[in-house]
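What follows is a set of notes on a single structure, which appears directly below.
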There are 2 protein chains.
Amino acid sequence: MKRSFIRQILESIDNETISFAGGLPDENLFPIEDLGKASQKVFKNKKHFQYTISNGITPLREKIANFYNDEGFKTEPSNILITTGSQQALFIIAKYFQNKEILIEKPSYLGAVNIFRMNNLSMTPITLDYDGINIEEFNTVYPSMKLAYLIPDFQNPKGSLYSETKRDEIIKTVLEHKGYIIEDAPYSELYFEQKAKSISSDIPNNSFHLGSFSKTLSPSLRIGWVRANEEIISALIQIKETIDLHSCGISQYILDEYLNDKTKYKKHLELLRYEYKNKMENFVTTLKAELPQFEFEKPKGGMFVYGKLQGVDTKALVYEALKKKVVYVPGAEFYLGDEVCDEIRFNYTHSTKDEVKVGLQRLRNIL
Amino acid sequence: MKRSFIRQILESIDNETISFAGGLPDENLFPIEDLGKASQKVFKNKKHFQYTISNGITPLREKIANFYNDEGFKTEPSNILITTGSQQALFIIAKYFQNKEILIEKPSYLGAVNIFRMNNLSMTPITLDYDGINIEEFNTVYPSMKLAYLIPDFQNPKGSLYSETKRDEIIKTVLEHKGYIIEDAPYSELYFEQKAKSISSDIPNNSFHLGSFSKTLSPSLRIGWVRANEEIISALIQIKETIDLHSCGISQYILDEYLNDKTKYKKHLELLRYEYKNKMENFVTTLKAELPQFEFEKPKGGMFVYGKLQGVDTKALVYEALKKKVVYVPGAEFYLGDEVCDEIRFNYTHSTKDEVKVGLQRLRNIL
């Protein structure tokens, strides 16, 4: 198994290195004061320190269900399983489908690839364009496996956003073949224009919709979830219970308390979108100035700019970059094979304006 | 897979029911004030809300390593992997050994049995007596599998404590056959007489020693760990990273902050032992008065009284008990097969003196 390059980097880089590698939110935007206030209430009740139920505390599942209901996607708390980040939701789903075949995007999220490998799922990668997966290829491959893992909104690593047409095509194919999609949606709230309608909302019984508070509130709390039909959720709860009994209760109570004020959360999301859009614009402008040869498409949301340095082996280059105290994730990390790849994923949410300039200049100097 | 009866019960019983079922600590003994103070410091630093490393934050791993060092069991932070309760540590180890054979105690912890099943480990149960596993049987079975799962201190469900002689025999056999033991030790600090020396400390490279804050501080924080040799820990980290990236960061920082005052934690453990010993004495006295036919051995620590009601099908009885608003875990839950079993596990740490009396009377009335 490929160890996550990103997490290896997280463990080894020094303070001098400017990192565009991790999918890290901006710490300055964590609502730590409001979360702190919420925690003070939580810590007054001894019951919050006890074991709780495996599917997650009921009031938080109600609130998550209502995120969906507010968008017209009918959801009950019994459709929700709370997990340790959406990463764990994906692990549990992969365990549920172990030894099966699965269609994935190419490139795809490395954390998902490792999960599928570990659960012995045989993966078939399908070309991903900036407007979503290649539909002809999708329609050819899907019928034989009836299971696909997609990140339709601001994909990791590519930043791509599926077009409405492609979403509709996928819905049609899934229903025709009575299969499933796993729709991973950690970045869906980080849109710069408008929120896309989830594919899952049109196929509520044939989908796993994964959400997370890691990109919107705080990754450290480790709370994500999966929305699926009730029968499947029951099966997933058994797996969840076996793995770790339940996710951190304190985190769940804190989030529940924080989310009692809906306006506060809404305003926080608006701020996040505003700030991340600015960060993206700055990154893209600097990128064009410092690395004009980098070919990419401007993202419409999320946390990443993805593109290529024609003809450059970006994995070989990253070790040079590390010596010059700058780091990114080479595209090769997001493909199954070991082929040479000239692509790069940059994260733009974590670094400051100065770091972006200096980091990209350091990179320019080794090209 | 058997769904955990205990967790099903947790989800379904009403407020009127007196439960001796769950392995629940006494909420009144959670040090919520001190944990609250620790959390206030933690919530002031935005860095605590960011992603962290998969093996767990370094200062907490240092403190856990020092628990071992203080007892003469040489341990580095690199020997520790922090997990979501020790339940998850066990899941990760089982994943590491998947498809192998494993020796287990009979009866054994149902959560472990489910983990082994899920990872396709073939289990051979060996008779467990109140002074530990049957050594003749152990020595016959172990050489062919070289892997055993044991709970030497105040076992769940049996409450048994391994004798020193039995510990020595196991150490000899493990070393002779160059195998491993998984030593699950969530109750080790809850001794009423003196702390037993872990088996692992004599075979540091051939053991997985599992610890947890769930029984000593709070289960809701979901922090446990495994101590093993460094090479194995590296392999386990990859599995951990794939499952959920890392365990709740906020919980780790709170525990780390709380544990900065060593005396406070030491005093808390002393209080816990004192209170649980009293609870045990009261439970045992009431048990003898209300159910004199119940055959058991008085526990020397931990959370459970285990014994038998000669000739009574305790699984059939539990449904009657539920109607009368009292519940326990029938012994059958801790065996692999579906045979009729006349044993019962009572938890004595969670209920009050009054509840113990009323609950056991309700039980007496249906016998």
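So the values come out like this:
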{"read-out": "Test: A:Lys215 is in a loop (DSSP other than H, G, I, E, B) and either under 23 Å from A:Arg345 (Cα atoms) or in contact with a Gly (Cβ under 8 Å, 6 or more places away or on another chain) (or both)", "value": "yes"}
{"read-out": "Every residue from the range A:239-257 that is touching a residue at least 24 places away in the same chain (Cβ under 8 Å), within 12 Å of another protein chain (Cβ to nearest Cβ) and more than 21 Å from the chain's Cα centre (by Cα)", "value": "A:Ile239, A:Glu241, A:Ile243, A:Asp244, A:Leu245, A:His246, A:Gly249, A:Ile250, A:Tyr253, A:Ile254"}
{"read-out": "Matching residues, the range A:292-312, being in contact with a Lys or Arg (Cβ under 6 Å, 6 or more places away or on another chain) and touching a residue at least 60 places away in the same chain (Cβ under 8 Å)", "value": "A:Phe304, A:Tyr306"}
{"read-out": "Criterion: touching a strand residue (DSSP E or B) at 6+ places or on another chain (Cβ under 7 Å) and either outside any strand (DSSP E or B) or surrounded by fewer than 18 Cβ atoms within 10 Å (Cβ to Cβ) (or both) - qualifying residue of B:Glu281, B:Glu355", "value": "B:Glu355"}
{"read-out": "Residue match in the range B:190-197 (condition: within 13 Å of another protein chain (Cβ to nearest Cβ), touching a helix residue (DSSP H, G or I) at 6+ places or on another chain (Cβ under 9 Å) and closer than 30 Å to A:Lys240 by Cα)", "value": "no"}
{"read-out": "Check on B:Gly85, at pLDDT 95 or above, in contact with an Asp or Glu (Cβ under 8 Å, 6 or more places away or on another chain) and either more than 7 Å from every other protein chain (Cβ to nearest Cβ) or within 16 Å of B:His209 (Cβ to Cβ) (or both)", "value": "yes"}
{"read-out": "Test result for A:Ile53, of a type in the set (A, V, I, L, M, F, W, C) and at pLDDT below 95", "value": "yes"}
{"read-out": "Unique match (being over 30 Å from A:Arg117 (Cα atoms) and of a type in the set (A, V, I, L, M, F, W, C)) among B:Leu210, B:Leu245, B:Leu217", "value": "B:Leu217"}
{"read-out": "Residues of the range B:17-60 that turn out to be of a type in the set (Ser, Thr, Tyr), over 23 Å from A:Gln50 (Cα atoms), more than 24 Å from the chain's Cα centre (by Cα) and facing chain A (nearest Cβ under 10 Å), as a count", "value": "2"}
{"read-out": "Number of the condition not met by A:Ile223 [criteria: (1) farther than 15 Å from A:Thr84 by Cβ; (2) within 12 Å of another protein chain (Cβ to nearest Cβ)]", "value": "(1)"}
{"read-out": "Candidates A:Leu161, A:Leu90, A:Leu81, filtered to the one that is in contact (Cβ under 8 Å) with a residue 40 or more places away in the chain and part of a loop (DSSP other than H, G, I, E, B)", "value": "A:Leu161"}
{"read-out": "Some residue of the range A:226-238 being surrounded by 24 or more Cβ atoms within 10 Å (Cβ to Cβ) and β-branched (Val, Ile, Thr)", "value": "yes"}
{"read-out": "Cross-chain or 6+ apart pairs with Cβ under 6 Å, the range B:95-111 first and free of Cβ contacts under 8 Å to residues at least 12 places away in the same chain, then not β-branched (Val, Ile, Thr)", "value": "none"}
{"read-out": "Residues being part of a loop (DSSP other than H, G, I, E, B) and closer than 20 Å to B:Asn365 by Cβ - total across the range B:284-313", "value": "9"}
{"read-out": "Breaking point among (1) farther than 22 Å from B:Glu189 by Cα; (2) crowded, with 22+ Cβ neighbours inside 10 Å; (3) touching a strand residue (DSSP E or B) at 6+ places or on another chain (Cβ under 7 Å), for B:Ile115", "value": "(3)"}
{"read-out": "Residue within the range B:313-328 that is under 21 Å from the mean Cα position of the chain (by Cα) and without any contact (Cβ under 8 Å) to a residue 60 or more places away in the chain present", "value": "no"}
{"read-out": "Within the range B:226-238, considering residues that are of a type in the set (A, V, I, L, M, F, W, C) and in contact with a Phe, Trp or Tyr (Cβ under 9 Å, 6 or more places away or on another chain), the one farthest from the other protein chains (Cβ to nearest Cβ)", "value": "B:Ala228"}
{"read-out": "Residues located in the range A:281-305, provided they are in contact with a helix residue (DSSP H, G or I) (Cβ under 8 Å, 6 or more places away or on another chain), among the aromatic types (Phe, Trp, Tyr) and over 11 Å from A:Asp342 (Cα atoms)", "value": "A:Phe283, A:Phe296"}
{"read-out": "Residues within the range B:139-194 that are touching a His at 6+ places or on another chain (Cβ under 7 Å) and farther than 30 Å from B:Phe20 by Cα, tallied", "value": "3"}
{"read-out": "Some residue of the range B:314-323 being farther than 30 Å from B:Tyr191 by Cα, touching a helix residue (DSSP H, G or I) at 6+ places or on another chain (Cβ under 7 Å) and either assigned to a helix (DSSP H, G or I) or not assigned by TED's automatic domain parsing to the domain that holds B:Pro107 (or both)", "value": "yes"}
{"read-out": "Members of the range A:126-141 that are farther than 11 Å from A:Arg167 by Cβ, in a helix (DSSP H, G or I) and in contact (Cβ under 8 Å) with a residue 12 or more places away in the chain", "value": "A:Phe138, A:Asn139, A:Val141"}
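Residue-by-condition table, conditions (1) touching a strand residue (DSSP E or B) at 6+ places or on another chain (Cβ under 6 Å); (2) crowded, with 24+ Cβ neighbours inside 10 Å; (3) under 19 Å from A:Thr242 (Cβ atoms):
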position: A:Lys63; (1), (2), (3): no, no, no
position: A:Asn66; (1), (2), (3): no, no, no
position: A:Glu71; (1), (2), (3): no, no, no
position: A:Ala89; (1), (2), (3): yes, yes, yes
position: A:Gln98; (1), (2), (3): no, no, yes
position: A:Asn119; (1), (2), (3): no, no, yes
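Here's the yes/no breakdown for (1) at negative phi; (2) among the small types (Gly, Ala, Ser); (3) in the same structural domain as B:Glu343 (by TED's automatic domain parsing); (4) in contact (Cβ under 8 Å) with a residue 24 or more places away in the chain:
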| position | (1), (2), (3), (4) |
| --- | --- |
| B:Asn156 | yes, no, no, yes |
| B:Glu169 | yes, no, no, yes |
| B:Leu175 | yes, no, no, yes |
| B:Ile181 | yes, no, no, yes |
| B:Gln194 | yes, no, no, no |
| B:Ser201 | yes, yes, no, yes |
| B:Asn206 | yes, no, no, yes |
| B:Ser214 | yes, yes, no, yes |
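This table checks each residue for (1) out of contact with any helix residue (DSSP H, G or I) (no Cβ under 8 Å at 6 or more places or on another chain); (2) closer than 22 Å to B:Leu217 by Cβ; (3) among the charged types (D, E, K, R); (4) crowded, with 16+ Cβ neighbours inside 10 Å.
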residue: B:Thr242; (1), (2), (3), (4): no, no, no, yes
residue: B:Glu257; (1), (2), (3), (4): no, yes, yes, yes
residue: B:Tyr274; (1), (2), (3), (4): yes, yes, no, no
residue: B:Phe334; (1), (2), (3), (4): no, no, no, yes
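The values are calculated or read from the model by the stated rules, or taken from the named source; none is laboratory data. Note that this is a predicted model, so its numbers are computed, not measured. Cβ atoms come from the backbone with ideal geometry, glycine included; neighbour counts cover every protein chain shown.
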